[in-house]
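Structure first, then comments.
Since every read-out is calculated from the coordinates, none of them should be taken as a lab result. Here the structure is a predicted model, which is why all the values come from computation and not from measurement. All Cβ positions, glycine included, derive from the backbone under ideal geometry; neighbour counts span all protein chains shown.
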Amino acid sequence: MKTFQHVLHNEINQLKVLNVIAANSKTTRTDIAKITKFNRNSVSIIVNRLIENMYIKPLSKEKPTSGMGRHSQLLCINPNGGYFVGVSVGSQHVHIIIINMVKTVIYRERIKTPDLSSDVKSLNSIFDFIAGCLNKSNIPENLIRSIVFKLSARVDEEKGVCLLASNIGKGWINLPIVELANRRFKTNVYLATPSLHLSWPGTLGTDETGLFCHWGSGIGISVVCGGELLNRKLHLSFGHLVLDNKGPLCGCGQRGCVEAYAGGRNLAMRAVEAIQQGQDSLIKYLVTGDLSKITTSIVLIAARNNDELALKLVDEAVNSFATALSYLVQMVVPKIVVFSGGIIQEARDVLVDPMIRKLNEKCPKPVNIEINTLDGYEYSLCASMFGFNKVFSGRVLERLSDTDRIMNNICSPAVVS
């Protein structure tokens, strides 16, 4: 009978071989043996197992360079050997992206976010959307390697539970998403908060830092050095950095934090409050007096028409975001600052460009800025990449307590072009 340690050892060796093949687009068993220091028999056993499970595939045999000896069989990652589904649930839309084993996007779609006032019913409608996308993409169920959910919410990744989703719906409180999804889909399911750098096509050097900013209903920033996410080490929650403790109330319970001023959801809520307090505004007439219909988009339309209230709210959003971000930029000196999110797509002229100008005014050196052009799919792509990395950096680690010791025995996740 195989012991746990024996099974674990086999899985780690399989990961090593898989990473070697991923890092070298066409390689042979001999090459793998040289790199891993495994004997040829062990390599053949592992390779045959990977071929059987469709992770890799053999190519045509290559003639030895010396002109003598046996032909070597070239091996490569099998593009169609597995698919990784990323699902992001935001306040406005649910996005899905499916990538294959070489990180090519083969399918993407989005729908309007369903009413999330009820928990299981609304979650089932999202499950139906996922199932429909899988059906339309003609992917065999057994080749779905993972489904990863990314929510604009507070989550417990380890337990797979959505704790509170104030930005997207009041019904999702302590909702066991992974448990419920596992009943519907026969694959690995994760609830994760992957960094936006996973959807960025560029690279950071070992000592280079990047800031990856999401600006939508809520606000968040991933601080990445090399490939490592530093937010937890820095104890950073950028959107809830307090600028004025007597400022407007945020959903987090604090006053005057960045998101209270600049978050899309709070921008609309502050417009409602001002009108309720008697301030006249074009915003009121754009919704024919029904204040429940005031959205971020309505505020932006009013700002473009020089409405006094809308311009005041926009100016406060620009100043608060630029001020807080300038502190962070001067602290970590990033190589790049990448922006994405709904506000980036919808309010480039009114909010984003003015904020970038203000940021550069506040910083001693010009900031290298890039705008994400994924049209809202950045988080679903991050989620699918998170699932991909689970295969190439070791799902076995989830079953271990001594992860540091095991990590030393596993190759770094390979980047497949």
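How large is the charge dipole for segment 91-193, taken about the Cα centre, if only the Cβ atoms of Lys, Arg (+1) and Asp, Glu (-1) carry charge, to the nearest 20 debye?
240
Out of the DSSP beta bridges found with both residues in the chain, what percent are antiparallel (nearest 5)?
65
In whole Hz, with x marking every Gly and Pro, tabulate ³J(HN,Hα) for segment 282-287 from phi via Karplus 6.51 cos²θ - 1.76 cosθ + 1.60, θ = phi - 60°.
Those phi angles translate into 4, 3, 4, 7, 5, 10 Hz.
Residue farthest toward the positive end of the dipole of segment 92-203, with Cβ of Lys/Arg at +1 and Asp/Glu at -1: which of Ser122, Gly171, Tyr107?
Result: Tyr107, furthest along the dipole toward the positive end.
If I compute volume of the Cα convex hull per residue in Å³ from the structure I just sent, which labelled value in [x] 152; [y] 170; [z] 193 lines up?
After the calculation, the listed value that fits is [y].
Based on the Cβ-Cβ distance of Arg304 and Ser72, what FRET efficiency does E = 1/(1 + (r/R0)^6) give at R0 = 45 Å, to the nearest 0.05?
After rounding, the FRET efficiency stands at 0.10.
Which of the trypsin sites (Lys or Arg not before Pro) found in segment 100-195 are in a DSSP loop and have at most 12 neighbouring Cβ atoms, other than their own, within 10 Å?
Lys170, Lys186
Explain nothing, just the number: relative contact order of the chain, from Cα pairs under 8 Å at least 6 residues apart, as a whole percent.
For the chain, the relative contact order is 17 percent.
Tell me the Kirkwood hydrodynamic radius of segment 242-316 in angstroms, computed as one over the mean inverse distance between distinct C-alpha pairs.
After inverting the pairwise mean of 1/r, the radius is 12.3 Å.
Could you tell me the relative contact order of segment 93-145? Use alpha-carbon pairs under 8 Å, at least six residues apart, and round to a whole percent.
Relative contact order for segment 93-145 comes out at 27 percent.
What share of the DSSP beta bridges in segment 201-371 is antiparallel, in percent to the nearest 5?
60
State to the nearest 20 debye the size of the charge dipole of the chain about its Cα centre, where the only charges are +1 on K and R beta carbons and -1 on D and E beta carbons.
With only Lys, Arg, Asp and Glu charged at Cβ, the dipole is about 1680 debye.
Which of the pairs Lys121/Lys150; Lys57/Lys150; Lys150/Lys390; Lys16/Lys390 have their Cα atoms more than 23 Å apart in this structure?
Over 23 Å Cα-Cα: Lys57/Lys150.
Positive end of the charge dipole of the chain (Lys, Arg +1 and Asp, Glu -1 on Cβ, about the Cα centre): tell me which of Gly218, Ser297, Gly82 has its Cα farthest that way.
It is Gly82, whose Cα lies furthest towards the positive end.
Of Ala262, Val242, Leu229, which is farthest along the charge dipole of segment 228-329 in the positive direction, counting Lys and Arg as +1 and Asp and Glu as -1 at C-beta?
Projecting each Cα onto the dipole axis, the largest value belongs to Leu229.
Can you check what the Kirkwood hydrodynamic radius comes to for segment 201-371, Cα pairs only, in Å to one decimal?
16.6
Gain in length, Ile369 to Asn245, computed as 0.36 nm per residue apart minus the alpha-carbon separation, to one decimal in nm?
41.7 nm
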